[in-house]
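Some notes on the structure that comes next.
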Amino acid sequence: MCNQLAIAIAALASFTQITEADLPLPLVKKFQKSQPPNCQQYTEQLVSLFTLMCNNVALNDEDNLTRDACVGCFQQASISNNNQPSLPALMNCAENYLAGTRYEECSSQIDANPGPGPCVAGYCRFVTCIRRINSDLLIAQCYAEASADNDALFEEDQIILVKNITSCILARTRCAPINPITILKNSLRAASTRGVPNYRGLRKLVPTTWKVSEFC
């Protein structure tokens, strides 16, 4: 009986050409979750994050060859396992190019023995560490800019300093086309309403949780 009902439903769906747009929202979400992950998209995001990291590593280094070598190493490591990341290769790149930098502590966060899955895993803690360092660098940059002409000796100046730092962080993480911490694209919605900064957006600059089937 159940098999016959399933066949009938399948035939009806084929006849009426039901699409995702025709389904109720709960069924659409369930359908989307059942789809296989886009491993290529995750790899592309990973390469972009590594490129930003290498640029930050060479920020105070006039030797562009070092930066280019860093980018090249991580790019190759990200696709050398059937167009997916090779964890041993990532470890090798991290050892060669992150030593002595702010990102050095992230080198030990690569899991050499991740669990099975449709996409290569094992680098999520590494990604989270990179994003944390990116956020630290962004905060330091915004502080340096905001305090350049404000010594914050008085309470009023201290309030202005904090507001300017917060506005700087929000502008770069929410309004820029690319988030400088996660390298993910921002939506078109602005982070302010009629010129008033949305300070609540500061509560979560760096994602702290993720699903194994999704990019970290």
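Please go through segment 106-156 and pick out each residue that is in contact with a Gly (Cβ under 8 Å, 6 or more places away or on another chain) and over 20 Å from MET53 (Cα atoms).
Going through segment 106-156, the residues in contact with a Gly (Cβ under 8 Å, 6 or more places away or on another chain) turn out to be 110-114, 121.
Scanning segment 106-156 gives ALA112, ASN113, PRO114.
Report yes if THR173 is buried (at least 19 other Cβ atoms within 10 Å of the Cβ) and not assigned by TED's automatic domain parsing to the domain that holds LEU87, otherwise no.
On the way: buried (at least 19 other Cβ atoms within 10 Å of the Cβ): yes; not assigned by TED's automatic domain parsing to the domain that holds LEU87: yes.
Criteria met by THR173.
Counting just the residues of segment 94-112 that are in contact (Cβ under 8 Å) with a residue 40 or more places away in the chain and under 16 Å from ALA77 (Cα atoms), which one comes out nearest to the chain's Cα centre (by Cα)?
Going residue by residue through segment 94-112, those that are in contact (Cβ under 8 Å) with a residue 40 or more places away in the chain are 97-98, 101-103.
Among the residues that remain, those that are also under 16 Å from ALA77 (Cα atoms) are: 97-98.
Numbers: TYR97: 20, LEU98: 19 Å.
Here the residue is LEU98.
The values are calculated or read from the model by the stated rules, or taken from the named source; none is laboratory data. All values reported here derive from a predicted model rather than from experimental measurement. Counting neighbours? That spans all protein chains shown, and the Cβs are built from the backbone with ideal geometry, glycine included.
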